[in-house]
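Take a look at the structure set out below.
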Amino acid sequence: MKKYLLPPTGRFYKANLHCHTTISDGHLTPEEVKELYKRHGYSVVAFTDHDILIPHPELRDADFLPLNSYEMEVNEPTSAPFSQTKTCHMCLIALEPDNLKQVCWHKDRYLFGNAPKYVDRSVHDDNENYDRVYSHEGVSDMMKKARENGFFVTYNHPRWSLENYSDYIGYEGMNALEIANYSCLVGGFPEYDPQVYDDLLRAGRRIFCIAADDNHNIFPEDGPYCDSCGGFTMIKAEKLEYREITRALELGNFYASQGPEIRELWYEDGKLHVRTSPARKISFCCATRHTYSYYGTDENPITEAEYEVPQDAVYVRVNVVDEKGRPADSNAYFTDELER
Ligand SMILES: [Zn+2]
Ligand SMILES: [Zn+2]
């Protein structure tokens, strides 16, 4: 029986799930961000200004959906300069449009840029200060509290954060890893992190992966340092409605990309099948060494592939590379769930 891993109906909506504006330390106003992203074919932007949840219902129109969200962080306690300090950042996207909770709130820590000007205590459910702790338990507690309070949680840019395996392997509770952060890539960090994704999957975390810009737009749109429109998430849903889109996030009905498209993905009779935009390479990755790649050329790119899922796979995921070397990554699918 055919099991669709991306829904066969509905359409893909292009989304940037990590974004900064003049509300914190970005250089474009929310209106300017909307204008830029609509011009580049985006339907969804999560406005994730630092540590402050400001909804943007004024930006909603028939072709554009702003998601209510913010980026939360906790820093290693140290006297070292920030450039040498480990930190952990996560984006929280409210699943329900009327959820304006500020979880793990602290009245004066972590707000920076213009964010303090926007603090509206009247919208906070509880103003008790939460002391964030940089540790496996502390980060996991923040992720857990965010999930319990109705947020979709992504773990962001481990390389920029100076985090390594010994740090992120102890984090429990995220919905997704930010597998690519375009602003960090533009800035020189190797922030395309399939290895981190495999590390977490091999440790048993059943998590998704997203790609995002984390745009601050310090540099102009037409220059080489522009950090917009390079990492995106394609969300498959029936309608461009708030709850339809966030439900698709909860269900994993999306893939991450820096260029290529994953158009169809299904499992049938022990095989994974994928259809893509023209690709140079389509790879199937799993928890063991039984990976497999198909190759195309400039003249004869490939647009489909299949993979007999090995007995010891544990999970499978697809990686697609286009003629410019840009990757797209599917979510991982655990084999015990494929057969259900
Ligand atoms: Zn960040
Ligand atoms: Zn950010």
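Which ³J(HN,Hα) values in Hz, rounded to whole numbers, follow from the phi angles of segment 272-281 under the Karplus curve 6.51 cos²θ - 1.76 cosθ + 1.60, where θ = phi - 60° and Gly and Pro get x?
9, 10, 9, 10, 9, 5, x, 10, 8, 7
Assuming a strict under-14 Å limit between Cα atoms, what lysine pair count do you get for segment 7-258 once near-sequence pairs (fewer than 8 apart, same chain) are dropped? Mind showing how you got there, number by number?
Values: Lys14/Lys34; Lys14/Lys38; Lys14/Lys236; Lys14/Lys239; Lys101/Lys145; Lys107/Lys117.
Pairs that pass both the separation and distance tests number 6.
Viscosity 0.890 mPa s, temperature 25 °C: what is the translational diffusion coefficient of segment 63-146 from Stokes-Einstein with a Kirkwood Rh over Cα pairs, rounded to a whole number of µm²/s? Don't skip to the end; give the middle numbers.
Values: Rh = 14.3 Å.
Stokes-Einstein gives a translational diffusion coefficient of 172 µm²/s.
When the Karplus curve 6.51 cos²θ - 1.76 cosθ + 1.60 is applied with θ = phi - 60°, which whole-Hz ³J(HN,Hα) does each residue of segment 64-76 get, with x for Gly and Pro?
Once θ is set to phi - 60°, the couplings for segment 64-76 become 9, 10, x, 9, 7, 6, 7, 10, 10, 9, 8, 10, 4 Hz.
Share of the chain's accessible area from carbon and sulfur, percent, 1.4 Å? Please list the in-between numbers first.
Details: 7170 of 14660 Å².
Within the chain, the accessible surface is 49 percent carbon and sulfur.
Name the trypsin sites (Lys or Arg not before Pro) in segment 285-328 that are in a loop by DSSP and that have at most 15 other C-beta atoms within 10 Å, would you? If you can, show how the numbers build up before the last one.
On the way: sites: Arg289, Arg317, Lys324; in loops: Arg289, Lys324.
Sparse-neighbourhood loop trypsin sites (Lys or Arg not before Pro): Arg289, Lys324.
Please report the antiparallel percentage of DSSP beta bridges with both residues in the chain, rounded to the nearest 5.
Details: 55 of 70 bridges.
If I count the DSSP bridges inside the chain, around 80 percent turn out antiparallel.
If I take the Cα coordinates of the chain and project them onto the principal axes, what are the three extents in Å, biggest first?
Result, largest extent first: 55, 41, 36 Å.
What 222 nm value per residue comes from the helices of the chain, counting each DSSP H run with n ≥ 4 as -39,500 (n - 2.57) and dividing by all residues, nearest 500 deg cm²/dmol? Write out the running numbers ahead of the final one.
Working: 7 runs with 55 residues, N = 340.
Counting only the DSSP helices, I get -4500 deg cm²/dmol.
Find, among the GluC sites (Glu not before Pro) in segment 298-329, those assigned to loop by DSSP (not H, G, I, E, B) with at most 10 other beta-carbon atoms within 10 angstrom. Show your work: numbers first, answer last.
On the way: sites: Glu299, Glu304, Glu306, Glu308, Glu323; in loops: Glu299, Glu323.
Sparse-neighbourhood loop GluC sites (Glu not before Pro): Glu299.
Probe of 1.4 angstrom, ligands and nucleic acids ignored: what's the accessible area per residue over the chain, in square angstrom?
Details: 14660 Å² over 340 residues.
Ligands and nucleic acids excluded, the result is 43 Å² per residue.
Could you tell me which chymotrypsin sites (Phe, Trp or Tyr not before Pro) in segment 220-304 are loop residues by DSSP with no more than 16 other beta carbons within 10 angstrom of their beta carbon?
Working: sites: Tyr225, Phe232, Tyr242, Phe254, Tyr255, Trp266, Tyr267, Phe284, Tyr292, Tyr294, Tyr295; in loops: Tyr225.
Within segment 220-304, the qualifying chymotrypsin sites (Phe, Trp or Tyr not before Pro) (loop, at most 16 other Cβ atoms within 10 Å) are Tyr225.
The values are calculated or read from the model by the stated rules, or taken from the named source; none is laboratory data. Computed from a predicted model, the values in this text were never measured in an experiment. Neighbour counts are summed over all protein chains in view; Cβ atoms, including those assigned to glycine, are modelled from backbone coordinates with ideal geometry. SASA here: full protein model, heavy atoms, side chains in, ligands and nucleic acids out. Shrake-Rupley method; radii C 1.70, N 1.55, O 1.52, S 1.80 Å.
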